[in-house]
Amino acid sequence: MHVCSLFLNSALEFMSTCKLANLTVRTELGCCLLHRSGKLTIDGCILQCESNPLDHLSYAIISTAGAAEVIPSALKTCSNGVSVLKTRIEGGAKAVLTSGTLSLQRVRVIYTRTSLFFWFEVESSDKNTVQSASVELPIS
């Protein structure tokens with residue numbers, strides 16, 4: 001379990017390709033995961049935003065990445081995005097916020113008696129469009 005203090009913007013920040021599996025991340029204010037670039041895979045995690053009067057500032061995932069980056073040394077294109085697989089998201093007013101050129105796609109939610117499990121992608125849909133998107137949690 002990783003717990004973020006009240007004065008940090010995010011509990012974990014990602015700037016390269018990686019996978020996060022079977023981890024509980026809890027924040028008091030801000031976001032659990034801040035994705036800046038690379039391909040991030042979140043598998044079987046629990047993302048918790050503590051309830052407080054400033055819920056509108058709490059997100060489980062924030063992505064500020066653009067659609068793709070060109071790596072000059074290798075002259076390759078590195079795609080950016082987030083894949084979420086069987087992950088519980090709890091608390092906060094919204095689950096995901098995108099502010100780059102990526103958008104939320106292929107969302108699936110399974111309701112159980114005690115929690116919600118999410119599957120979705122955050123990836124480029126149209127390279128010429130800059131979008132801001134968010135997903136509201138159906139229950140608190």
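The values are calculated or read from the model by the stated rules, or taken from the named source; none is laboratory data. Since the structure is predicted, the reported quantities are computational estimates derived from the model, not experimental observations. As a convention, Cβ positions derive from the backbone with ideal geometry for all residues, glycine included, and neighbour counts pool all protein chains shown.
Please work out which residue is modelled with the lowest pLDDT, limiting yourself to region 1-36 and to residues that are hydroxyl-bearing (S, T, Y) and surrounded by fewer than 20 Cβ atoms within 10 Å (Cβ to Cβ).
S5
For residues in region 48-65 being in a loop (DSSP other than H, G, I, E, B) and either under 12 Å from the mean Cα position of the chain (by Cα) or basic (K, R) (or both), which is modelled with the highest pLDDT?
Restricting to residues being in a loop (DSSP other than H, G, I, E, B) and either under 12 Å from the mean Cα position of the chain (by Cα) or basic (K, R) (or both), the top hit is T64.
Please list, ordered by first then second residue, the pairs with beta carbon atoms under 9 Å, 6 or more apart or interchain, first in region 106-119 and closer than 13 Å to I46 by Cα, second assigned to a loop (DSSP other than H, G, I, E, B).
Between residues of region 106-119 that are closer than 13 Å to I46 by Cα and residues that are assigned to a loop (DSSP other than H, G, I, E, B), the close pairs are L116/L137; L116/P138; L116/I139.
Out of everything in region 72-105 that is among the aliphatic types (A, V, I, L, M) and out of contact with any strand residue (DSSP E or B) (no Cβ under 8 Å at 6 or more places or on another chain), what residue ends up being modelled with the highest pLDDT?
Of everything passing the filter in region 72-105, A74 is modelled with the highest pLDDT.
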